[in-house]
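Each remark here refers to the structure printed beneath this line.
The values are calculated or read from the model by the stated rules, or taken from the named source; none is laboratory data. Model, not experiment: these values are computed from the prediction. Here Cβ is always computed from backbone atoms with ideal geometry, including for glycine, and neighbour counts include all displayed protein chains.
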Amino acid sequence: MMRIAVTGSKGQVAASLLERAGLKAEVVALGRPVFDLTDRAAVLAWLAAARPDVVVNAAAYTAVDKAEAEEAEAVRVNSDGARHVAEAAARLNVPLLHLSTDYVFDGGLDRAYREDDPTAPTGAYGRSKLAGEKLVAERCEDSVILRTAWVYSPFGANFVRTMLRLNETRDEVGVVADQRGNPTSALDIADALIAIAARLKDDKSPALRGVLHMTGSGEATWADFAEAIFREAAARGRRQTQVRRIATADYPTPARRPANSRLDNEKLARVYGVKLPEWRQSLAVCCARLLA
């Protein structure tokens, strides 16, 4: 059975991988406090001890707004940490799947971003993740960089869980309606990672390596996403919370969010035959679990 070592044991992707592995893979989750991404020697030692066939780097500093004041810390984790994992995977001679983000783009395009579109992060988090991408590509040729976005799941802190919590007490919630993206289930990400890992393990083709976009099918604004969540809640007898559509300018944050976070997944479908489900379908599954 394929062994996958995943970093970031407390994150949504690691939790989803542990749940979805089933008979397809054995997952070893590595995370703090024992596994410190910023400690090069520790990263190599722990990954070597895990004896993986494939490494998934899902650990990251993801506090987008906080990163504006803590850029050095974001870089230590998202850039230096990514380099340590890439060097370890290269030394162990196993493929690496590295998760990245839509925040490497500035959001100015009028269509979904393709893998070869110019990157131009507008904030500290995006800069740290882009630096990590470059180091992964440089230090580990046997790697796939997977950019995803708007991740939610039954685990950890995420937009769906926040909206369901607000639904318990609020009749109306103001939600940004001028940012577009692709809501993506971490459970769907996990299924895709397992399929990609299985191919990478047995096929050394350079065509399978490089940068790929991987998000849920279909698009939404944050307000659309919230309305869909509240509909799922109402269908299960919860209160009917209304969404008040607001502009980004009405909800200022330290970090600037891309107005367009949409990622084009055509290359993933072409190269791997992998297509994530339509986001509303996956959202319904997630909400059913959280509201059960």
Kindly evaluate Leu164 against the criterion of being in a helix (DSSP H, G or I), in contact (Cβ under 8 Å) with a residue 40 or more places away in the chain, surrounded by 18 or more Cβ atoms within 10 Å (Cβ to Cβ) and at negative phi.
yes
Close pairs from segment 1-19: first touching a residue at least 40 places away in the same chain (Cβ under 8 Å), partner part of a helix (DSSP H, G or I) and not hydrophobic (A, V, I, L, M, F, W, C), Cβ under 7 Å, at least 6 apart
Met2/Lys201
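For segment 145-166, which positions are of a type in the set (Ser, Thr, Tyr) and closer than 17 Å to Gly218 by Cβ?
Residues satisfying the conditions are Thr148, Tyr152.
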Flag for Arg239 being assigned to a strand (DSSP E or B) and over 23 Å from Lys24 (Cα atoms)
no
I'm checking my understanding of the structure. Among residues of segment 242-252 that are part of a loop (DSSP other than H, G, I, E, B) and modelled with pLDDT under 95, which one is farthest from Val64 (Cα to Cα)?
Tyr251
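Go through the residues of segment 108-129 one by one and say whether even a single one is of a type in the set (Asp, Glu), more than 22 Å from Val271 (Cα to Cα) and in contact (Cβ under 8 Å) with a residue 24 or more places away in the chain. Before you say what the answer is, go through the steps one by one.
Step one: filter segment 108-129 for residues of a type in the set (Asp, Glu), giving 110, 115-117.
Those still in the list that are more than 22 Å from Val271 (Cα to Cα) too: 110.
Narrowing further to those that are in contact (Cβ under 8 Å) with a residue 24 or more places away in the chain: 110.
Yes - at least one qualifying residue is present in segment 108-129.
So, in segment 20-43, how many residues would count as being without any contact (Cβ under 8 Å) to a residue 40 or more places away in the chain and charged (D, E, K, R)? First the steps, then the outcome.
Filtering segment 20-43 for residues without any contact (Cβ under 8 Å) to a residue 40 or more places away in the chain gives 22-23, 26-36, 41-42.
This time we only want the ones that are charged (D, E, K, R), so: 26, 32, 36.
Residues that pass the stated criteria total 3.
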For segment 1-10, the count of residues that are of a type outside the set (Lys, Arg) and surrounded by fewer than 24 Cβ atoms within 10 Å (Cβ to Cβ) equals 3
